[in-house]
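Okay, structure first, notes after.
The values are calculated or read from the model by the stated rules, or taken from the named source; none is laboratory data. Keep in mind it's a predicted model, so treat the numbers as computed, not measured. Here Cβ is always computed from backbone atoms with ideal geometry, including for glycine, and neighbour counts include all displayed protein chains. Calculation scope for accessible area: heavy atoms of the full protein, side chains included, ligands and nucleic acids excluded. Shrake-Rupley method; radii C 1.70, N 1.55, O 1.52, S 1.80 Å.
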Amino acid sequence: MISESCAHIEAIESIKRPARAECEECVKIGAEWVHLRTCQECGVTLCCDSSPNRHATKHSHASGHPVIASAQPGERWLYCYTDDAFVQY
Ligand SMILES: [Zn+2]
Ligand SMILES: [Zn+2]
Ligand SMILES: [Zn+2]
C-alpha cells in the first residue's frame, strides 16, 4: 500500500467508476486508446498518457479537475495531477 496522498485524494469519499469502458473524446474522433482513466470530479472517462491523444491529462489541465482513478479492470489507484500523488486502494 503506497500512501503518497494529498488533500484532493483525501477528500474523495466514493470512487467514481467508468459509466462505459471507452474514451468519450476518442469515440468522437474515431481514435484509439490504450488505457482508461475516470475523472473523480465530474466522472468523465478518458484515455491515459500512453494513448496518442492523452485525453485524461488534457481534461485535467483544461478543467482543473485534479484527480483521476484508473478505469482498468483490476487496477485500483488514484492519481492527483496537482500534487503528483499516487494512492492504491
Ligand atoms: Zn492533490
Ligand atoms: Zn481519448
Ligand atoms: Zn473532470
(request) Per residue of segment 54-63, in order, report the coupling 6.51 cos²θ - 1.76 cosθ + 1.60 (Karplus, θ = phi - 60°) as ³J(HN,Hα) in whole Hz, putting x for Gly and Pro. (result) 6, 5, 5, 5, 4, 4, 4, 5, 6, 9
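Give, as a single signed number, the net charge of other residues whose beta carbon lies under 13 Å from the beta carbon of ASP83, with Lys and Arg counted +1 and Asp and Glu -1.
Around ASP83, the surrounding residues sum to -3.
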(message) Explain nothing, just compute: Karplus ³J(HN,Hα) = 6.51 cos²θ - 1.76 cosθ + 1.60, θ = phi - 60°, for every residue of segment 72-84 in order, whole Hz, x for Gly and Pro.
(response) 7, x, x, 9, 10, 8, 10, 9, 10, 5, 4, 9, 6
(message) Ignoring ligands, DNA and RNA, please state the percent of accessible area on the chain from carbon and sulfur, probe 1.4 Å.
(response) 48
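Which value, in Å², gives the accessible area per residue of the chain when a 1.4 Å probe is used on the protein heavy atoms? Mind dumping the intermediate values first?
Values: 5340 Å² over 89 residues.
Result: 60 Å² per residue.
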(message) Please compute the modelled spin-label separation between ALA31 and ALA7, points set 7 Å along Cα→Cβ, answer in nm with one decimal.
(response) 3.2
(message) Compute and list, largest first, the equivalent-ellipsoid semi-axes of the chain from the alpha carbon gyration tensor, each √(5λ) rounded to a whole angstrom.
(response) 21, 13, 11
(message) Give me, ordered by chain and number, the residues 5 or more places off VAL34 or on other chains with an amide H under 5 Å from its own placed amide H.
(response) CYS48, SER51
(request) Rounded to the nearest 500, what is the 222 nm mean residue ellipticity of the chain from helices alone, with -39500 (n - 2.57) per DSSP H run of 4+ residues and division by all residues? (result) -5000 deg cm²/dmol
